[in-house]
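Here's the structure, in structure tokens; my notes come after.
The values are calculated or read from the model by the stated rules, or taken from the named source; none is laboratory data. These figures come from a predicted structure and were not determined experimentally. As a convention, Cβ positions derive from the backbone with ideal geometry for all residues, glycine included, and neighbour counts pool all protein chains shown.
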Amino acid sequence: MKKTLSNEIKKIILDNIESSTSHGFPNIVRSESYILKFMWTLCLLISSGYCAYCLTKSFQDYFSYETDTQLKFKRVSQIEFPTITFCNKFSIDLNKGNEFTELEKKGFNKLKYSIPDFTRFNDFYKDIDYYFKNQTMYNLKNLSYFGFDIDKMLLNCNFNFKECNSSNFELFLSSTYGFCYQFNADKSNIRKVSSPGKQAGLSLELFIGYPSADYDLYRSYGAHLFIHNSSTIPSSEFDGISLSTGHETDIVMSKTLFQKLPKPFSDCVQDSNSTESFDSDVYKETIRKFGQYEQKACINLCFHKSIFDLCGCYYPDANIIQSTELMCNKSVNKDCIIPFVSNYGESEESTKCFENCPEECESVKYSLQMSHANYPTPSYTDFFMAYDALIKKGARNFTSYSNVKESILAVNVYFDDIGYTFVEEKPSKTIEQLVADIGGFLGLCIGISFLSIAEIFDSILKVILLFFQKKSDTVNPKNINF
């Protein structure tokens with residue numbers, strides 16, 4: 001009796017199963033005993049369930065986009081030296097003796113003797129801090145009459161085994177400190193060093209000035225130092241190191257380069273120079289204002305814009321605004337800004353700023369180790385006294401060891417090694433590893449490989465060819481001889 005089409009299809013499928021490279025299905029088909037068929041079926045179900053569990057977990061691991069962090073130290077022949085910015089904590093040189101400084105002296109006296117209660121010094125110094133920033137912003141065009149000139153501040157300078165001078169520094173304006181000075185700030189000509197240690201680094205000896213009980217309303221005096229990448233702008237609000245007079249401070253640097261993976265692994269910005277990399281107004285404004293994106297600068301800008309949205313004016317910060325027309329006055333600072341700032345860290349505005357200011361995919365960090373020594377020695381002081389008396393005609397008024405010690409400081413900034421740590425993110429699971437997991441679990445649990453998948457297509461092709469053969473036999477039947 002002629003086999004029906006369904007029987008022939010069944011035979012093709014069973015023949016392919018029996019010859020399959022997988023293990024479970026052929027044994028179920030070949031076994032004549034129902035007990036053996038049941039045993040093989042049970043084993044196949046258990047192994048298939050375990051395989052499905054492992055594959056599901058493998059897919060979850062891949063699509064969670066976890067990363068592994070690799071740390072490599074790379075020693076190089078030369079390394080870029082960072083930009084060093086220093087400021088005098090005395091934003092005003094009261095010894096300049098002009099009409100502007102005399103007005104400031106009167107203003108300082110008026111503030112000092114208007115204190116009704118000396119026990120409320122925290123509130124007083126909040127007002128003083130605002131006063132200094134406010135006055136700096138109002139007198140940006142006249143700061144040359146107030147600020148400490150670099151020729152007066154810079155006693156000695158050495159960099160990379162060579163002497164340097166005031167011409168190697170660029171002026172930088174800070175609303176907190178007034179005149180600041182930057183070394184190695186020219187982006188087109190970044191200086192490099194090829195040796196570790198003090199002599200290859202930057203050594204500065206600075207004159208700070210003398211504290212005055214009559215006029216100075218500062219809580220501390222000395223210098224403020226920023227160590228940063230040449231493409232970033234330092235902020236006195238959250239950056240920098242305080243240096244005290246009468247001490248030599250050694251700052252040993254180590255450089256770290258961070259490289260994060262972009263989406264879908266993180267929300268970091270891959271091209272920090274493009275305003276199209278992230279859809280946020282404050283992100284785009286950060287690039288337009290500073291020329292390059294930095295998350296800290298973006299968050300700081302967002303913070304100041306939050307103040308503007310609430311109070312209708314800006315807190316005085318030279319990095320944020322240059323015009324005094326939009327600057328808040330003293331009463332707004334007390335009634336609106338201070339209450340807002342005190343609750344900002346736990347507010348929704350803080351969270352929104354963080355969400356609108358993504359992290360950079362590539363960034364540079366400098367780790368610092370500091371140590372201090374008494375400075376200067378009595379014999380070294382004699383050089384300064386002679387230099388000031390003979391060369392500078394007593395401009396700094398050096399008269400005694402204690403007088404010199406309370407007004408000068410030294411700082412050495414240098415690398416501990418000519419190399420950097422490279423912190424790089426790698427995908428925890430790549431597409432190749434996912435494919436290997438799929439093949440491994442299918443092979444381990446069911447015995448299936450890529451060739452087993454080809455066997456399925458082989459069965460489908462044979463069935464299709466059978467249909468075409470049956471159709472051909474129907475159209476052209478064979479001659480039958482009686």
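What to note about this one:
- Checking each residue of segment 112-119 against the condition of being at pLDDT below 80 and surrounded by 11 or more Cβ atoms within 10 Å (Cβ to Cβ) gives at least one match.
- Residue selected from segment 268-325 under the condition in a loop (DSSP other than H, G, I, E, B) and of a type in the set (Phe, Trp, Tyr), by the criterion farthest from Lys187 (Cα to Cα): Tyr315
- Residue match in segment 294-312 (condition: within 29 Å of Leu143 (Cα to Cα) and in contact with a Lys or Arg (Cβ under 6 Å, 6 or more places away or on another chain)): no
- Within the span defined as segment 51-61, every residue fails to be outside any helix (DSSP H, G or I) and of a type in the set (S, T, N, Q).
- Test: residue in segment 122-132 that is assigned by TED's automatic domain parsing to the domain that holds Ser174, modelled with pLDDT under 75 and among the basic types (Lys, Arg): yes
- Annotation for segment 376-394: no member residue is in contact (Cβ under 8 Å) with a residue 24 or more places away in the chain and of a type in the set (Lys, Arg).
- Any hit, segment 316-336, residues being touching a residue at least 40 places away in the same chain (Cβ under 8 Å), more than 30 Å from Gln135 (Cβ to Cβ) and surrounded by 15 or more Cβ atoms within 10 Å (Cβ to Cβ): no
- Beta carbons closer than 8 Å, at least 6 apart along the sequence or on distinct chains, pair a first residue in segment 283-300 that is farther than 12 Å from Ser272 by Cα with a second that is part of a helix (DSSP H, G or I) for Glu285/Leu301; Lys289/Leu301; Ala297/Thr286; Ala297/Phe290; Ile299/Cys353; Ile299/Phe354.
- Qualifying residue in segment 424-432 (condition: surrounded by 19 or more Cβ atoms within 10 Å (Cβ to Cβ), over 30 Å from Thr69 (Cα atoms) and over 20 Å from the mean Cα position of the chain (by Cα)): no
- All of Ala386, Ala454 fail the test of being assigned to a helix (DSSP H, G or I) and at pLDDT below 80, apart from Ala454.
- Number of the condition not met by Ser306 [criteria: (1) surrounded by 15 or more Cβ atoms within 10 Å (Cβ to Cβ); (2) over 30 Å from Pro196 (Cα atoms); (3) under 19 Å from the mean Cα position of the chain (by Cα); (4) among the small types (Gly, Ala, Ser)]: (3)
- Being surrounded by 15 or more Cβ atoms within 10 Å (Cβ to Cβ) and basic (Lys, Arg) holds for only one residue in Lys141, Lys152, and it is Lys152.
- Among the residues making up segment 424-440, a single one is touching a helix residue (DSSP H, G or I) at 6+ places or on another chain (Cβ under 6 Å) and either modelled with pLDDT under 80 or not in a helix (DSSP H, G or I) (or both): Lys429.
- Within segment 155-175, considering residues that are crowded, with 21+ Cβ neighbours inside 10 Å and touching a residue at least 40 places away in the same chain (Cβ under 8 Å), the one nearest to Tyr380 (Cα to Cα): Phe159
- Val269 surrounded by 15 or more Cβ atoms within 10 Å (Cβ to Cβ) and farther than 17 Å from Ser363 by Cβ: no
- Of the strands (runs of 3 or more DSSP E) lying entirely inside segment 176-248, the ones with 2 or more residues being within 24 Å of Gln135 (Cα to Cα) and in the same structural domain as Thr85 (by TED's automatic domain parsing) are found at 178-183, 223-228, 241-243.
- Near pairs, Cβ below 9 angstrom, 6+ apart or cross-chain, from segment 215-241 (closer than 15 Å to Lys365 by Cα and in contact (Cβ under 8 Å) with a residue 12 or more places away in the chain) to any residue that is surrounded by fewer than 18 Cβ atoms within 10 Å (Cβ to Cβ) and among the hydroxyl-bearing types (Ser, Thr, Tyr): Ile227/Tyr366; His228/Tyr366; Asn229/Tyr366
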